[in-house]
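Only one structure is covered here, and it is reproduced in the block below.
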Amino acid sequence: MTYMFGFFLIAAIVTSAIAVLMTFPPARIAGMVRIALPVLMIGAGGVLMAVGRGALGLPLAVLGFTWLARARRMGSLGGGAKSGATSTVRSAWFEMELDHDSGDLDGIVLTGRLEGQRLSQLSPGELHALYAEAVSDAESAQLLEAYLDRRMPGWREDAQADAGPRKGGASGSGPMTKEEAYQVLGLGPGAGAKDIREAHRRLMKRVHPDSGGSTFLAAKINEAKDILLD
């Protein structure tokens, strides 16, 4: 009977934890899943101690608390954009991703001769040719420029010689929506004002022009914050 009681108690804890997780937005679930195992270890350790198995339960609970404390220090809790998160910005030509941890940019070509290709898989020659095609769309050109500035510093001289002055045509992507704003900040729908400000602050450190980042991306991040906090 003691073991049956322990089994049902653990099952109840797991069920309750899942029910609580389902009430959070997806961005928070992603972070909280990382602490599910240490929480279960703590719960199991408590059950074992309650049924007289302290020799097994106490070390298990201590290990769970240690793991949980480490997760807190690494920023695994909460609903903001944490380790492993990415931001997404789209234009007529590209869907660009910014890695929050490294600050690296990569993207997918959405149209043209290289449609479906990742920028990181293209050669310098292909990137120059792609820029010559996409330069007619202002947003797309600025996104590709931000990528090229990181991957190939000094590329602009060759691009200007090949493509000539940019015409700066209007972008066809339209105003940013709330859904796009969440993607730009790397957040899930329903994120709170605190998470939005934290994500904005963290991303601006990565892309601010004063730190060698992109003026265009910084403007997009600011726009996303304003839309979500309006």
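Where a number appears in this text, it was derived from the coordinates with a stated rule and is not lab data. Bear in mind that the values here come from a model prediction, so they are computed numbers and not experimental data. Here the Cβ positions follow ideal geometry from the backbone for every residue, glycine too, while neighbour counts run over all protein chains shown.
Once the C-beta distance of ASP230 and THR15 is scaled by a Förster radius of 35 Å, the resulting FRET efficiency is 0.35 to the nearest 0.05. Each residue of region 96-108 was assigned a 3J(HN,Hα) from its phi angle through the Karplus curve 6.51 cos²θ - 1.76 cosθ + 1.60 (θ = phi - 60°); the sequence is 9, 10, 10, 7, 5, 6, 9, x, 6, 10, 8, x, 10 Hz, with glycine and proline shown as x.
Taking amide H as placed 1.01 Å from N in the peptide plane, the amide H of LEU110 sits under 5 Å from that of PHE94, GLU95, GLY116, each at least 5 places away or on another chain. Excluding same-chain neighbours fewer than eight residues apart, the aspartates and glutamates reachable from LYS178 by a Cα-Cα span under 12 Å are GLU223, ASP226, ASP230. Per-residue Cβ neighbour counts within 10 Å put LYS220, LYS178 in the sequence LYS178, LYS220, beginning with the fewest. Expressed to the nearest 5 percent, the antiparallel share of DSSP beta bridges inside region 86-229 is 90 percent. Along region 180-197 the Karplus relation, 6.51 cos²θ - 1.76 cosθ + 1.60 evaluated at θ = phi - 60°, assigns HN-Hα couplings of 5, 4, 4, 5, 4, 8, x, 10, x, x, x, 4, x, 4, 5, 5, 5, 5 Hz to successive residues, with x for each Gly and Pro.
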